[in-house]
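Written out below as structure tokens is the structure these notes cover.
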Amino acid sequence: MAAAESDSKSLFSLDSYHVSQELGFILPDPLEELPPYYQPWMDIALRVPELVLSHELRFHINKMPLLSSHFLQKHRELRLAHLALSVMTMGYTWQEGESNTVEKLPQNLAVPYWEVSQRLGLPPILTHADAVLANWRKKDPEGNLELLLSLPGGDSVRGFFMVTLLVELAAVPALRNIPTVINGVRCGDSEAVARALEEVSQSIQEMTDALKLMHWWKDNPCMPKGLIYDGVQPEPMEYSGGSAAQSSLLHCFDELLGIKHEAKSGAFLTRMRNYMPPAHKQLIQDISLQPSLKSFVHQQDSERLNRAFQHCVTKLLALRNYHINIVSRFITVPAARARQLRNQSQDSEGEMISRAPTALEERGTGGSGIMIFLKTVRDQTKDAFLPETSKEMKHHS
């Protein structure tokens, strides 16, 4: 009885992890404006795409006043400031394409960016937490969404970020059910765990459906030494760019379902956790410390529970397969075509193509060898199946 009482007092909950019941990892109601003192930042951040196009962004940022970050008090102010400084940094670095990147960020951008990043526990680079989780507003009373700040690339860039936001939204029911699964395992309630896993698998299916609507300087050969943040430290620093691997969602599902990744892909995924808000990173860590769901399912004599667990793994596998499909369609194939055109063409079109990031031919936006990485992670997801299904899957693959 004492153990049961102790368990009930320490029920697992999402309350302390900055996870919204309605929006999951998405930041609720992001601010659209900073205090007036920071208007010089917002004036430029809102114009990044057009200023990159006219090759004037670096000029405007170099003239920007050096502002103190101390007047940013609330969490949402810091998140908008980080987003604005991130978008400016990406534009400043890549204004002339990969053939003419910069080696140093000016002090008036680097110092406040570093300070804001330190206060949030995020790195000073555009992350998934910026570009997706804190970069939205309601466009109209019907609830249609649009981005607060954008990058060069027009509708394709906006579409990429908006679809990613919709995937995060589709995952909310799954996130809400994770505590139910954990608490059900703790107290041996196989029916509660089965019901919750059925909700999780349905939500993962909706993530895949949302996905169907559809730069960096660590591991980047154009910037082998990284980037100097002037006024922060004299040596260059290296950070990976925004990547789907920085979304906390799949990390949570992997830990819940007991999916283990081999050394290389596992190390990359672990490194990506340093690009998440600290509370979200902590949630993933705490899920990993809970009693094993897979062992619990294996020990119970419940066909419904067994089926619900297998269904979750199946849906997660399908999501990862679809992600491979998307990466092939939008990165690998176009990059190969661009390489072919570069080899054939000596005219201005070839020159323009040469400014496209050639590293994307082999690597994803986070700097991983993308197709090998994604297929490895997909194959390791199969290992989470319970023994009988695992044999069937290997037989069919």
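The values are calculated or read from the model by the stated rules, or taken from the named source; none is laboratory data. None of these values were measured; they are calculated from a predicted model. Positions of Cβ are generated from backbone atoms using ideal geometry, with glycine treated the same way; all protein chains shown enter the neighbour counts.
Observations on the model:
- Residue within the stretch 135-142 that is modelled with pLDDT of 90 or more and in contact with a Gly (Cβ under 7 Å, 6 or more places away or on another chain) present: no
- Single residue of the stretch 257-277 satisfying the filter (buried (at least 20 other Cβ atoms within 10 Å of the Cβ) and among the hydroxyl-bearing types (Ser, Thr, Tyr)) that is nearest to Asp130 (Cα to Cα): Tyr275
- Ala174, sole failed condition from (1) modelled with pLDDT under 95; (2) of a type in the set (A, V, I, L, M); (3) assigned to a helix (DSSP H, G or I): (1)
- Residue pairs whose Cβ atoms lie under 9 Å apart, separated by 6 or more positions or on different chains, with the first residue in the stretch 149-167 and within 18 Å of Ser203 (Cα to Cα) and the second part of a helix (DSSP H, G or I) and modelled with pLDDT under 85, are Thr164/Ala244; Val167/Ala244.
- Those residues of the stretch 288-309 which are surrounded by fewer than 21 Cβ atoms within 10 Å (Cβ to Cβ) and under 24 Å from Arg378 (Cβ atoms), in sequence order: Ser288, Ser292, Lys294, Ser295, His298, Asn306, Arg307
- Checking each residue in the stretch 131-181 for being under 15 Å from the mean Cα position of the chain (by Cα) and among the polar types (S, T, N, Q) picks out Asn135, Thr164.
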